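Here the structure comes first, spelled out in structure tokens, and everything after it is commentary.
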Amino acid sequence: MIAFGSYAKVLLVDDEPAVYAQFGPLSAYPRALRLRELYPQLPDAPLPAVITCIATTAAARGAGHAKRLVAAICADLAERGFAAVEAYPQEGARPDTTSAATPRFWVDCGFRVAVDDERFPVLRRELE
């Protein structure tokens, strides 16, 4: 926490939590590190930050709040010096049953498909 800062954000709507996301440096997430080892085509440098989960309340779903939160996280990560961010959604999961969202969600947030795996694709966004 001292070296990196907050690893999560919550977006409030009318003072009520609507969307939660967890993120941080790749080194903080051993599962993400192991997943990346499966795909040698991913760039070794710069190592990305990762968004490991995002969840929207049922009442807030479909209003664009999750996309706004992802945009805020990407801006925050860019300010912290990260050059890229990755997400690891599960292909075929229903949006209300996964904490990693869907590949389509990440593409709509400006990510590109870096690894087109039929079960666990990798989506990546270069940061400015």
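Bear in mind these aren't lab numbers, they're just calculated from the coordinates by the rules spelled out. As the structure is a computational prediction, the values presented were derived from the model and not from experiment. Virtual Cβ from ideal backbone geometry, glycine too; neighbours counted across all protein chains shown.
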Is any residue of segment 1-45 close enough, with backbone N under 16 Å, to a label point placed 7 angstrom from the Cα of residue 83 along the Cα-Cβ axis, and if so, which? 26, 42-45
Can you figure out the FRET efficiency of residue 37 with residue 57, using R₀ = 25 Å and their beta-carbon distance, to the nearest 0.05? 0.15
Rounded to the nearest 20 debye, dipole of the chain from Cβ charges on Lys, Arg, Asp, Glu: 140
Hey, got the Cα dimensions of the chain along the principal axes, in Å, largest first? 43, 37, 24
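By how many nm would the segment from residue 96 to residue 112 lengthen if fully extended, with 0.36 nm per residue of separation less the alpha-carbon distance?
On the way: separation 16, 0.36 × 16 = 5.76 nm, distance 2.21 nm.
Value of the extension gain: 3.5 nm.
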